[in-house]
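This report refers to the structure that appears directly beneath it.
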Amino acid sequence: MKTHIKLLALAALLLANLQIFAQREKLLNNEDVEGLYLTLADFKQDKLTYPTDKQHKGDKIKLKQFFISPKIISIEQNMECKFYKDSIFAIRLSNGESYRFISRTPYLVADTSYLYIYSFSTTKTEYKMAGPHRRSKEIPVTYFYFSTDRHKIVYWLTLENLRKFALKQKDVHIAVCNKFTTDEMLTKINSQTGRFELNETIISILNK
């Protein structure tokens with residue numbers, strides 16, 4: 001009986017992981033990882049650590065995303081090296097994009113011009129009744145976070161969190177609160193510069 005219960009629990013855990021896996025709109029490909037930024041200082045200086053040169057048979061980097069593993073495994077000439085996702089600052093892909101792990105999930109580093117802003121695109125399931133039947137539909141959604149100062153703690157990008165943790169100067173506080181009146185407005189991007197309007201607003205006040 002106990003074995004049966006354990007098997008059911010294991011099956012439920014596997015199903016939950018499969019659902020999370022299936023809902024992700026984009027998973028990072030192991031072969032696209034160029035290197036790691038071990039620290040914030042490395043990231044700011046663009047000092048990339050290359051755990052493998054991928055020049056030998058079997059060389060690879062394994063992000064181990066399926067079960068949301070805490071580790072990244074690098075293999076170089078059959079020698080394994082482990083990096084814990086919560087101990088490095090970010091990874092960089094060959095296309096130039098950088099991702100930071102938040103709760104072991106890779107979030108795109110979308111803007112670093114002032115606040116560090118991160119985004120994560122996925123899908124959520126919405127259910128609607130169509131006559132006697134319940135229909136499901138996958139809806140694309142993007143979540144946004146930010147960090148500041150030493151960037152150790154990451155917060156949801158909301159007006160409440162900005163007021164608590166980021167808008168320390170009175171003139172910046174007033175300017176941001178006057179321009180951005182909803183959480184949704186905080187995610188607007190200037191199409192000409194590719195930067196978040198939030199960061200541009202803060203920089204414009206600080207440069208006066």
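Just so it is clear, none of the values below were taken in a lab; they were calculated from the coordinates. Remember, predicted model here, so these are calculated numbers, not experimental data. Don't worry about glycine lacking a Cβ; one is built from the backbone with ideal geometry, like all the others, and counts go over all protein chains shown.
Values computed for the structure shown
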item	result
At least 15 Å along the helix axis (C-alpha) and Kyte average at least -0.5, DSSP helices within the chain	2-23
√(5λ) per eigenvalue of the Cα gyration tensor, the chain, largest first, Å	34, 28, 15
Theoretical FRET efficiency, 1/(1+(r/R0)^6), r = Cβ-Cβ of Phe66 and Glu34, R0 35 Å, to 0.05	0.95
Whichever aspartates and glutamates have a C-alpha closer than 20 Å to that of Lys208, once near sequence neighbours (fewer than 8 apart) are set aside	Asp171, Glu197, Glu200
Sequence ranges 141-150, 167-176, ranked by mean other-Cβ count within 10 angstrom, highest first	141-150, 167-176
Estimated distance in nm for a label pair at Lys47 and Lys208, the labels positioned 7 Å out from Cα along Cα-to-Cβ	3.8 nm
Calculated P(r) of region 112-208 - Cα pairs past 24 Å, %	32 percent
Inter-probe distance in nm under a simple model that places probes 7 Å from Cα toward Cβ, at Thr158 and Lys54	3.9 nm
Farthest positive-ward along the chain dipole, Cα basis, beta-carbon charges - from Ser191, Leu48, Ser74	Ser74
Qualifying lysines (Cα of each under 19 Å from Cα of Lys64; at least 8 residues distant if same chain)	Lys26, Lys54, Lys82, Lys85
Magnitude of the charge dipole, region 112-208, Cβ model with Lys/Arg +1 and Asp/Glu -1, debye to 20	180 debye
